[in-house]
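To start, the structure under review is shown below, and the notes come after it.
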């Protein structure tokens, strides 16, 4: 039996491209949603969250896929993170492989701001009760650094379980070598779902001017967020 694969990087970091690569190789891959045997379509993040609340294995009810990606959910009133549950997934499914898909963080933030023609940014700001787009981007950047640090600390010394895959720099070769039993081929890696460059952003990117060095903790923004929350 093949080990399960969990793609635990953020959206807009090649999650669709990885999902389709595994599909092309003939593997069952669930991306954001999972088609259940009874015909229901469920969002992966919701199912993982419910299973955690019920103290069941995190993939209960959706465990018939081999690969899982885009496991976060951001709606106007709900934010759930399946990728942050990498420790629980590792405990529930021993021997699984984890892909931390990554890219330049500022490019990532720009892409998120353009996602759904700015709709993802608007939804995130409403959900987080943040009125200033620059603060939302700063929060995203802090979440980025915290998640990357947590994942790499947890999997330190276990190179057979974690692959850090840069979608902007890496070829398919690291994926092929990391998962030899999956039979992946270089031609199956293609970029999909790129956010159009022409979509305008509501505020010019000025992280370097406004924030200095990248933030190291969400706590750095607690005071700013309190001042800019929607009431």
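Just so it is clear, none of the values below were taken in a lab; they were calculated from the coordinates. It should be emphasised that the depicted structure is a prediction, and the values quoted were computed from it without experimental measurement. Note that each Cβ is placed from the backbone with ideal geometry, even for glycine, and that neighbours are counted across all protein chains shown.
A few remarks follow.
- Each distinct pair of alpha carbons in the range 1-109 adds a 1/r term; the inverse of their mean, the Kirkwood radius, is 14.2 Å.
- Fully extending the segment from residue 117 to residue 154, taken as 0.36 nm per residue of separation minus the present Cα-Cα distance, adds 9.8 nm.
- Taken along the Cα-to-beta-carbon direction at a fixed 7 Å, the label points for residue 41 and residue 104 span 3.5 nm.
- Shape category assigned to the range 72-140 from the gyration tensor of Cα positions, a/c cut at 1.5: prolate
- Potential extension, residue 161-residue 146 segment - 0.36 nm per residue separation minus Cα distance: 3.4 nm
- Rel. contact order, % - alpha carbon contacts under 8 angstrom, at least six apart, the range 1-149: 29
- Computed E for residue 87/residue 177 - FRET, C-beta separation, R0 22 angstrom, nearest 0.05: 0.30
- Using the Cβ-Cβ distance between residue 190 and residue 50 with R0 = 30 Å, the FRET efficiency computed as 1/(1 + (r/R0)^6) comes to roughly 0.35.
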